[in-house]
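Since the structure comes first, as structure tokens, the remarks are kept for the end.
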Amino acid sequence: MSSIYGILGISDSDRVFLSTLGQTVVLDAINQYLTQVNADVEAAYGVFVERVTEDHKIRYKLPGGGRMQRGGFTPQGRPGAVKVTGEWDVAFPLESMQDAMGGDRVSLAYMTAQDLERHLSTIRTRYINTRRFEMIKALVNNTARPFTDPLWGVLSVQPGANGDSVLYPPVIGSENEATENHYIETNYAVSAISDTNNPAATAANELEEHFGAPTSGSNIVKFAGKTLADKIAATLTEFVSVDDMGIKPGDDTATVINTPRGIPGRLRGRCSESGVWLAEWRWVPDNYDINVHLDAPAPLLERVDPTYTNLPRGLNLIAREENLPFETSYYDARFGFGAGNRLNVVVLEYGTGGSYTIPTGYS
């Protein structure tokens with residue numbers, strides 16, 4: 001990603017006061033910088049977000065199941081109409097996340113390009129932290145969350161499949177729609193992970209029964225914190241590490257190929273029999289992991305403002321005065337996450353409490 005220095009056309013060693021460049025020039029440079037930030041963030045977390053939507057509420061649809069009706073050799077009547085049941089209602093929040101730049105005309109007159117770089121880096125980090133937290137919250141919280149929309153009233157923001165009354169399309173091996181729960185307590189601790197207590201197999205089974213189990217292995221990713229990732233990598237017999245850039249594997253050593261791209265965190269390797277990639281992502285709450293299928297629609301949708309409002313998307317610098325944009329500005333990002341494809345997320349909690357509990361701080 002480019003820095004503000006490159007956009008302004010100066011060296012990071014130059015002590016250039018922003019007052020010499022002019023507020024309009026700096027404002028244009030910041031907007032270009034934020035455009036790159038937004039593109040990078042969207043690419044980094046696309047594994048969790050299927051698409052953006054301008055709708056506050058939609059009916060999410062997947063194909064149903066069942067068998068055709070028997071009509072005999074010479075059917076005289078028409079078959080009954082088939083009701084598609086692979087659908088459910090979901091809704092999405094939309095909130096403003098904001099930060100302001102403090103300063104008066106004197107402090108801004110003395111601000112250098114280095115000061116601006118530190119300021120923008122802080123805003124960028126806070127924005128990324130906020131989006132990531134909201135995404136993880138939407139993934140690991142297993143309860144429907146009420147959101148009061150000023151235009152549409154109270155919306156019910158849905159989690160992944162959580163054992164409620166929604167009937168999902170039949171799993172492979174069944175012809176009947178059924179409820180589903182993808183928030184699972186393992187009934188064993190991280191320390192008890194083994195080939196018998198295999199969390200990769202558990203996650204794969206929950207996702208493959210909906211999206212298929214190809215002969216060559218599934219494209220499922222397990223996101224886990226470092227302690228959990230270390231335990232899985234060290235314990236499971238089926239785990240194969242990715243090659244280290246400084247080590248050449250031996251001729252008779254299994255190696256990982258066709259690694260997935262564009263996933264956050266550090267790819268550690270693959271659970272070969274389960275068909276699950278292991279990604280170490282230190283933002284996942286301790287004693288939990290998040291599993292998604294890369295070959296199915298991602299679990300979340302991101303709500304944004306409708307195009308007709310002319311409100312910008314992503315992180316933006318909002319200037320209130322044209323002549324002094326920098327002195328009267330703040331940063332704003334309007335978005336909200338909710339589950340769309342409720343079937344494409346499995347969250348495991350490693351514990352023995354008897355039922356899944358939401359991680360602390362994500363209620």
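Side notes on the structure shown:
- The range 150-186: number of residues that are assigned to a strand (DSSP E or B) and surrounded by 13 or more Cβ atoms within 10 Å (Cβ to Cβ): 9
- Selection count where residues are surrounded by 19 or more Cβ atoms within 10 Å (Cβ to Cβ) and either assigned to a loop (DSSP other than H, G, I, E, B) or at pLDDT below 85 (or both), scope the range 330-363: 8
- The range 138-161: number of residues that are under 28 Å from E177 (Cα atoms) and either free of Cβ contacts under 8 Å to residues at least 24 places away in the same chain or within 18 Å of the chain's Cα centre (by Cα) (or both): 14
- When residues in the range 107-149 are screened for being of a type in the set (S, T, Y), at pLDDT below 85 and assigned to a loop (DSSP other than H, G, I, E, B), 1 of them pass.
- S194 vs. criteria in a loop (DSSP other than H, G, I, E, B) and over 19 Å from the mean Cα position of the chain (by Cα): yes
- Residue, nearest to K137 (Cα to Cα), within the range 288-308, restricted to residues that are among the hydrophobic types (A, V, I, L, M, F, W, C) and in a loop (DSSP other than H, G, I, E, B): A298
- Reported count of residues in the range 200-214, each being closer than 14 Å to E238 by Cβ and of a type in the set (A, V, I, L, M, F, W, C), is 4.
Let's see how each residue does on (1) modelled with pLDDT under 95; (2) of a type outside the set (G, A, S); (3) in contact with a Pro (Cβ under 9 Å, 6 or more places away or on another chain):
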position	(1), (2), (3)
A254	yes, no, no
T259	yes, yes, no
W283	no, yes, yes
D286	no, yes, yes
D289	no, yes, yes
V292	no, yes, yes
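- L278 being at pLDDT 95 or above, touching a Cys at 6+ places or on another chain (Cβ under 9 Å), part of a strand (DSSP E or B) and not basic (K, R): yes
- Index of the failed condition, T179 passing every other in (1) polar (S, T, N, Q); (2) touching a Ser or Thr at 6+ places or on another chain (Cβ under 7 Å); (3) in contact (Cβ under 8 Å) with a residue 24 or more places away in the chain: (3)
The values are calculated or read from the model by the stated rules, or taken from the named source; none is laboratory data. Quick caveat: nothing in here was measured; it's all calculated off a predicted structure. Backbone-built Cβ (ideal geometry, glycine too); neighbour counts: all protein chains shown.
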